[in-house]
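The values are calculated or read from the model by the stated rules, or taken from the named source; none is laboratory data. Every value quoted in this text rests on a predicted model; they were computed, and no experiment measured them. With ideal geometry, Cβ positions are generated from the backbone for all residues, glycine too; neighbour counts draw on all protein chains shown.
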Amino acid sequence: MRILQGIDLVKVERMERMIDRTSGKAFLDRVFTAAEQAYCGSKRMKFEHYAARLAAKEAVLKALKVRPKKNRRLSEIEVRREATGKPYIALSSKSRKEFHIPVQAQIELSVAHEREYAIATVVIVVP
Ligand SMILES: CC(C)(COP(=O)(O)OP(=O)(O)OC[C@H]1O[C@@H](n2cnc3c(N)ncnc32)[C@H](O)[C@@H]1OP(=O)(O)O)[C@@H](O)C(=O)NCCC(=O)NCCS
């Protein structure tokens, strides 16, 4: 069994600048799924929620020790929500293959955000 852990912190203002500067849609589509965009876009502090999701995706890559790649489609790593609001990670089959993550692997995500910063931690248990 392998236990992998990752953490990431994102400044909310940086997230806002990234979305504004890169003129929105193409950047959003590369990084966030339609469902993530719908969720964050519906929130009053939408950039906090976007920043939290970016932190979660980066924390997954850290846990997996994946090197940053400029053209990586981070939307292949999706943050979904249980009915309670608890977030979880859904990996596309393409990213599962790329990262060698079997379907039996358990991925635990925890997220928090407060005005300036968003933080996410990820623990992956691979049987
Ligand atoms: C879930 C809870 C811990 C979120 O805490 P918060 O301080 O409001 O907000 P945080 O910035 O720390 O975390 C927000 C994130 O928590 C996550 N979250 C929401 N519900 C969750 C749950 N049931 N379990 C785990 N995580 C949850 C979400 O990812 C959310 O971010 P998102 O909306 O962008 O997806 C809080 O709302 C809660 O229910 N606390 C239980 C105790 C309580 O009732 N306290 C209030 C009286 S003192």
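Quick test for you: out of Lys94, Lys86, pick the one residue that is within 16 Å of the ligand (Cβ to nearest atom), among the basic types (Lys, Arg) and without any contact (Cβ under 8 Å) to a residue 40 or more places away in the chain. Outline the logic, then answer.
Numbers: Lys94 fails: within 16 Å of the ligand (Cβ to nearest atom).
Every option except Lys86 fails the conditions.
Filtering segment 71-82 down to residues that are acidic (Asp, Glu) and within 14 Å of the ligand (Cβ to nearest atom), which residue is surrounded by the fewest Cβ atoms within 10 Å (Cβ to Cβ)? Spell out how you get there, then give the answer.
So the first thing to find is which residues in segment 71-82 are acidic (Asp, Glu), and the list is 76, 78, 82.
Those still in the list that are within 14 Å of the ligand (Cβ to nearest atom) too: 78, 82.
Numbers: Glu78: 20, Glu82: 8.
Applying the filter and picking the extreme gives Glu82.
Restricting the search to segment 97-127, which residues are within 14 Å of the ligand (Cβ to nearest atom) and on the phi > 0 side of the Ramachandran plot?
Scanning segment 97-127 gives a single hit, Arg115.
Identify the single condition in (1) at pLDDT below 95; (2) surrounded by 13 or more Cβ atoms within 10 Å (Cβ to Cβ); (3) among the hydrophobic types (A, V, I, L, M, F, W, C) that Ala26 does not satisfy, given that it satisfies every other one.
Against the list (1) at pLDDT below 95; (2) surrounded by 13 or more Cβ atoms within 10 Å (Cβ to Cβ); (3) among the hydrophobic types (A, V, I, L, M, F, W, C), Ala26 comes up short only on (2).
Spot the failing condition for Gly85; the list is (1) in a helix (DSSP H, G or I); (2) loosely packed, with under 15 Cβ neighbours inside 10 Å, and only one is missed.
Gly85 satisfies all of (1) in a helix (DSSP H, G or I); (2) loosely packed, with under 15 Cβ neighbours inside 10 Å except (1).
Within the bounds of segment 33-43, is there any residue that is at pLDDT 95 or above, closer than 19 Å to Arg115 by Cα and basic (Lys, Arg)?
Yes, that holds for at least one residue.
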